[in-house]
Amino acid sequence: MTLSTTAQDQQTGKDQPAGKDLNSQAHYEAALAQNGRTFHWARRFLGAKHGPYAARLYAFCRLLDDLADGDLPDGAARLKIISDDLSRLSQDPAASANDPDMAAFAPFMQDRQLPAHALRHLIDGLEFDQGTVALQTVDELVIYGYQVAGTVGLMMCPILSCHDKRAQDFAIDLGIAMQLTNIARDVSEDAQMGRRYLPADWTDNLSASDIAQGAASGDIIVIATIQSAIAKTLALAERYYDSGLSGLAFLPKRAQIAIAIAAVSYRQIGRQLSANNLNWHQGRTVTSTATKAALSLSCLPYLLPQSRPHTHDKALHTSLNGYAK
């Protein structure tokens, strides 16, 4: 249920014009095809109703990410305008948005009943990425995972015609799980950009520069330290995958299949990384088209009736208390 990816997972259109192009289904689909290969694969299974909705949400989230990363002109200023627009629209849905892309997205957001606080928290996470990224604790890691991916899970619920509030916690969990996989996969690339998402608690407080230099030089102490941190991150991700996948029963059948395919495809990245001795410094772990096809077949049991979980593991959201809800 996450549409968020790290900067190395996409090819960004640097000079994308605002407003006009974003407000077309062709653009939404193109953004998904270009920037979110796993989600584009899974989107094929959503059908004619939910597929276009999901593509539109992805395109807007992609736009926000590009603005935050400075890949579009006046990115930081526009992100601030969108943030202000969101605050105003939350108070008065009839208000006008000053940013053209927010003006195009706002009617869709209102029509699909997307939670404004989720979009607000997504922007929080994108703005956090603009500063010094050096997470200190596991709690901070989970909060960040919620901000940039769990929020997308929340917004995907109404996109997929799921309005049962019990589904929300599981949607958040699946987003967090997938973001943890992203972080584990992209340690080296993120370090080269001056970012360390692995908590200081797990990395002996190595800086992003230390990690990048250690990978380049083959420093066995740095490599082993980060291998241990990645193992802990993937173990944590497994807990969130288990919870998130158990909540798919709240979704319509076609949506269950599509989201399951996206989730197990991401989960496979972490499992392949583990199978390759967590060699994070030797290149990026990817899943082939053949692997995605095999994983898609493994999701066919979701066509059968699934039982909805009665309770959610509250311990998974201890870090989010007072923030996510």
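A count restricted to the stretch 74-91 and to residues that are free of Cβ contacts under 8 Å to residues at least 12 places away in the same chain and of a type in the set (Lys, Arg) stands at 2. Scanning the stretch 158-173 for any residue that is crowded, with 18+ Cβ neighbours inside 10 Å, farther than 24 Å from Ala59 by Cα and in contact with a Ser or Thr (Cβ under 6 Å, 6 or more places away or on another chain) turns up nothing.
Pairs linking a residue in the stretch 288-302 that is over 15 Å from Leu245 (Cβ atoms) and in contact (Cβ under 8 Å) with a residue 12 or more places away in the chain to a residue that is open to solvent by 40 Å² or more (accessible area, probe 1.4 Å) and assigned to a helix (DSSP H, G or I), with Cβ atoms under 7 Å and 6 or more positions apart or on different chains, are Thr291/Gln268; Lys292/Trp41. Selection of the stretch 243-294 for residues being open to solvent by 30 Å² or more (accessible area, probe 1.4 Å), closer than 28 Å to Ser217 by Cα and not in a helix (DSSP H, G or I) yields Asn276, Asn277, Asn279, Gly283, Arg284, Val286. Scanning the stretch 194-211 for any residue that is assigned to a loop (DSSP other than H, G, I, E, B) and open to solvent by 50 Å² or more (accessible area, probe 1.4 Å) turns up at least one such residue. Scanning the stretch 126-136 turns up one or more residues that are assigned to a helix (DSSP H, G or I), touching a Phe, Trp or Tyr at 6+ places or on another chain (Cβ under 8 Å) and open to solvent by 40 Å² or more (accessible area, probe 1.4 Å). Return yes when Ala215 is modelled with pLDDT of 95 or more, open to solvent by less than 30 Å² (accessible area, probe 1.4 Å) and in contact with a Pro (Cβ under 8 Å, 6 or more places away or on another chain) and no when it is not. No.
For the stretch 295-317, residues that are in a loop (DSSP other than H, G, I, E, B) and open to solvent by less than 60 Å² (accessible area, probe 1.4 Å) total 3.
The set of residues in the stretch 110-119 that are in a helix (DSSP H, G or I) and either among the hydroxyl-bearing types (Ser, Thr, Tyr) or open to solvent by less than 50 Å² (accessible area, probe 1.4 Å) (or both) comprises Ala116, Ala118, Leu119. Is it the case, given these coordinates, that Ile172 is in contact with a Leu (Cβ under 7 Å, 6 or more places away or on another chain), touching a residue at least 12 places away in the same chain (Cβ under 8 Å), assigned to a helix (DSSP H, G or I) and of a type in the set (Val, Ile, Thr)? Here the answer is yes, as Ile172 does meet what is asked. Which one of these is under 12 Å from the mean Cα position of the chain (by Cα), in contact (Cβ under 8 Å) with a residue 60 or more places away in the chain, open to solvent by less than 40 Å² (accessible area, probe 1.4 Å) and more than 20 Å from Gly51 (Cα to Cα): Leu141, Leu122? Among Leu141, Leu122, only Leu122 is under 12 Å from the mean Cα position of the chain (by Cα), in contact (Cβ under 8 Å) with a residue 60 or more places away in the chain, open to solvent by less than 40 Å² (accessible area, probe 1.4 Å) and more than 20 Å from Gly51 (Cα to Cα).
The values are calculated or read from the model by the stated rules, or taken from the named source; none is laboratory data. On a predicted model such as this, the values are computed, not experimentally measured, just so you know. Every residue, glycine among them, receives a Cβ derived from its backbone with ideal geometry; neighbour counts consider all protein chains shown. Quick note on the areas: whole protein, heavy atoms, side chains included, nothing else; ligands and nucleic acids left out. Shrake-Rupley method; radii C 1.70, N 1.55, O 1.52, S 1.80 Å.
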